[in-house]
Amino acid sequence: MAGCPRGGRDRSLPGVVSAGLTTNVPLQVGVTLDSVFEAEGRPRANPADVPITAHRLVSPGYVETLGATLLRGRFLDQRDGPSALPVVVVSDELVRQAWPGEDPLGRRVRRLRAGRAGPWMTVVGVVADVKEDRFNVRIQRPAWYVPLAQDTFELPPSVPLNLVVRASGEPASVAPAVREAVRAVDPHQPVANVMPMREYLSDVLVVERFSAALMAALALFGLVLAALGLYGVMACSVGQRTGEIGLRMALGARPGDVLRLVLGQGFVLALGGLVLGAAGSFSLVRLLSSTLYEVSPSDPTTYAVVGLVLTGVSLLACWLPARRATRLSPIVALRRE
C-alpha cells in the first residue's frame, strides 16, 4: 500500500497484528534507494570498492512486520525519535562486509551522498538477510533499516511510502479498515496497489516463474524421450535375443535369471549415460549459474536426486521388455529362431 503517512493507528485495528512504513518493500519494481556507507574506523579492504547498501527508511514495527529474523540486539521502536541518538538496524551481509567476525552492536556507520556525510548511526540490531533488490535477487546484498524520524536527507518525491500490514486472518478482510484509517489521518492521501504480499511477489517474479516452469517442462519432456528411447533399445535387444533367451530357459534358466540378465544390460547403458551426463553437466553448469537461486551449481543433493530419478526411470524402461522376456516359452522362442 503506497503513500501512507503513518502506521501507528493501523496497529490498533481488529485483525491487524503489526504494521509499519517503508520506502521500499522487498523486490520492489521502480525507484529504490541505495546508499554508500562508511563504517567508523574500518578502512575499505579495497580502496577501489564502493560499499553500497540497500537504504530503507522505515517506521517502528516495519522490520518485524516484514518477518525478518532478529539475530542480535533489538528492532527499531518508539524510542528512536528525531531527538534520540541516531540508530540503525543492519543486515547480516552488511556485518560481514563491515565487521567480519566481530560483534557489530554499538558500532557506528553513516551514509555518504553527493559529498555529504550523514550522522553516525549506532547499530542496535542485526537481522537475517532479506532479498531487497529486484535485479540482484540471486546474490546477497547488504541492507540497513533507518528510522524515518531520524533521516537527515530529503526523500525524493518519486519514492512513495509503503504501508505493510500483517493480519491474523485473510489480508483482504482488513484492507477496507486500513483504507479508512489512512483517510482518517489524511483524507487527501492517495492509497493504491493494495494487495497481499504473496500476490505481489507472484507478479514481480512472473518471468522467473515462467522460466522455471518452461525449463521443468522441457526437462520432463527430455526425460520421457530418453525413457522411450531406452525402452525401444531394450525391446529391440530382447527381440533379437529371443532364441538365446529361449535356449537359456530350455537349459534351466529361471525367469529371475532372465530378468537380471536384461535389467543388467539396461543398467549398464543407463549408468554409462549417467556418467556422460554428469561430466557434461559439470562442464556446462557454469553457464546456467546466473539463473540459479540459492542453489550451488555443484550441489551434491541435486546431483544425487537427479541421478536416482534417472536410474529409476531407466530401470522401469528396462523392466517392461525384461518382464516380457521372462514370459517367453522356450519352445516358441526356439522355433522363432
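Using Cα pairs under 8 angstrom and six or more residues apart, how large is the relative contact order of the chain, in percent?
Relative contact order comes out at 21 percent.
So, by mean Cβ neighbours within 10 angstrom, what's the order for 186-196, 121-131 with the highest one leading?
Numbers: 186-196: 11.6, 121-131: 19.8.
Ranking the peptides 186-196, 121-131 by packing returns 121-131, 186-196.
Which order do Ser296, Ser18 fall in if you start with the one that has the fewest other Cβ atoms within 10 Å?
On the way: Ser296 11, Ser18 19.
Final ranking by Cβ density, sparse to dense: Ser296, Ser18.
Can you compute the modelled spin-label distance between Asp186 and Leu112, with each label point 7 Å from Cα toward Cβ, in nm?
Here the modelled spin labels are 3.3 nm apart.
Which percent, nearest 5, of DSSP beta bridges in region 9-197 are antiparallel? Walk me through the intermediate numbers first.
Numbers: 23 of 33 bridges.
Taking every DSSP beta bridge within region 9-197, about 70 percent pair in antiparallel fashion.
What is the Cα radius of gyration of the chain over 2.2 N^0.38 Å, N being its residue count? Intermediate results must be reported in sequence, preceding the final value.
Working: Rg = 31.0 Å, N = 337, 2.2 N^0.38 = 20.1 Å.
Output field value: 1.54.
What number do you get for region 9-197 when its Cα radius of gyration is normalised by 2.2 N^0.38 Å, N = residues? Spell out each step's value before the answer.
Numbers: Rg = 17.0 Å, N = 189, 2.2 N^0.38 = 16.1 Å.
Cα Rg divided by the expected 2.2 N^0.38 Å: 1.05.
By how many nm would the segment from Leu71 to Leu225 grow when fully extended, if each residue of separation counts as 0.36 nm and the alpha-carbon distance is taken off?
50.6 nm
HN-Hα J couplings of region 253-270 from phi, Karplus 6.51/-1.76/1.60, θ = phi - 60°, integer Hz, Gly and Pro as x?
For region 253-270, the Karplus curve yields 5, 8, x, x, 5, 5, 4, 5, 4, 6, 5, x, 5, x, 5, 4, 4, 5 Hz.
Please give the calculated 222 nm ellipticity per residue for the chain, where each DSSP H segment of at least 4 residues contributes -39500 (n - 2.57) and the sum is spread over every residue; nearest 500 deg cm²/dmol? Walk me through the intermediate numbers first.
Numbers: 9 runs with 139 residues, N = 337.
Result for the chain, helices only: -13500 deg cm²/dmol.
Tell me, which longest segment in the chain has none of the chymotrypsin sites (Phe, Trp or Tyr not before Pro) that fall in DSSP loops with at most 16 further Cβ atoms within 10 Å? Don't skip to the end; give the middle numbers.
On the way: sites that count: Trp120, Phe153, Tyr293.
Value returned for the longest uninterrupted segment is 154-292.
Would you please name the GluC sites (Glu not before Pro) within region 67-162 that are DSSP coil residues with at most 10 other C-beta atoms within 10 Å of their C-beta? Before the final figure, lay out each step's value.
Values: sites: Glu93, Glu102, Glu132, Glu154; in loops: Glu102, Glu132, Glu154.
Hits after loop and neighbour filter: Glu102, Glu154.
Got a sec? Charge dipole of the chain, +1 on Cβ for Lys and Arg, -1 for Asp and Glu; which of Ser173, Ile139, Leu251 is way out at the positive end?
Farthest towards the positive pole: Leu251.
What whole number of Å gives the distance from the Cα centroid of region 127-203 to the Cα centroid of region 58-121?
Rounded to whole Å, the Cα centres lie 18 Å apart.
What percent do you get for the relative contact order of region 9-197 when only Cα pairs under 8 Å and 6+ apart count? Present the calculation step by step, with values, prior to reporting the outcome.
Numbers: 352 pairs, mean separation 60.4, N = 189.
The normalised contact order for region 9-197 reaches 32 percent.
For a Förster distance of 45 Å, can you work out the FRET efficiency between the beta-carbons of Ser298 and Arg323, rounded to the nearest 0.05? Let's see the in-between values first.
Numbers: r = 38 Å, r/R0 = 0.83.
That gives a FRET efficiency of 0.75.
Rule-based calculations on the coordinates, nothing more; no lab input. Small disclaimer: the values here were computed from a predicted structure and weren't measured. Backbone-built Cβ (ideal geometry, glycine too); neighbour counts: all protein chains shown.
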